[in-house]
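Where a number appears in this text, it was derived from the coordinates with a stated rule and is not lab data. On a predicted model such as this, the values are computed, not experimentally measured, just so you know. FYI the Cβ positions are ideal-geometry reconstructions off the backbone, even for glycines, and counts take in every protein chain you see.
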Amino acid sequence: MRPLPFALAAFAIAAPAAARDVPVATPVGEPVSCIQLNQLRETHVRSDQVIDFELTGKRIYRNTLDGACPSLGFEERFAYSVSNGQLCSTDLITVLQSTGGRGATCGLGKFQPVSIAK
């Protein structure tokens, strides 16, 4: 009987990290296929499927991946490789693990310009 309460406690501790709220975003234009990397200032991983890209001028583009990308929301880090100075909906990202390894590789979606509710 003793292992069960421990298992429940471990699950309860782990649950809040997985249950992150994605801020509400209002579309402010048509989605685009690519963003210019020389304008990229910051990224915010919101979940296993949502990344907000902040560009110069405080413009934010929300990218909803084609599907959930395992561990992206937990690790909050990813890598990409491009050759043309743009990150596009046809590109792939790879989750960077805290152990130094690489995780899942996932496809990006279109970049939707948004306004984030504060």
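For the range 67-82, which positions are hydroxyl-bearing (Ser, Thr, Tyr) and exposed (fewer than 15 other Cβ atoms within 10 Å of the Cβ)?
TYR80, SER81
Every residue, every condition in (1) farther than 27 Å from GLY29 by Cα; (2) in contact (Cβ under 8 Å) with a residue 60 or more places away in the chain; (3) in contact with a Pro (Cβ under 6 Å, 6 or more places away or on another chain), yes or no:
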site: GLU76; (1), (2), (3): no, no, no
site: LEU87; (1), (2), (3): no, no, no
site: THR94; (1), (2), (3): yes, no, no
site: GLN97; (1), (2), (3): yes, no, no
site: ALA104; (1), (2), (3): yes, no, yes
site: LEU108; (1), (2), (3): no, no, no
site: PRO113; (1), (2), (3): no, yes, no
Which is of a type in the set (A, V, I, L, M), within 26 Å of SER98 (Cα to Cα), surrounded by 12 or more Cβ atoms within 10 Å (Cβ to Cβ) and out of contact with any helix residue (DSSP H, G or I) (no Cβ under 7 Å at 6 or more places or on another chain), of VAL45, VAL50, VAL32? VAL50
Look through the range 83-101, keep the residues that are out of contact with any Gly (no Cβ under 9 Å at 6 or more places or on another chain) and surrounded by 12 or more Cβ atoms within 10 Å (Cβ to Cβ), and return whichever of them is nearest to SER33 (Cα to Cα). CYS88
If I filter the range 106-114 for residues that are among the small types (Gly, Ala, Ser), surrounded by 13 or more Cβ atoms within 10 Å (Cβ to Cβ) and assigned to a strand (DSSP E or B), do I get at least one hit? yes
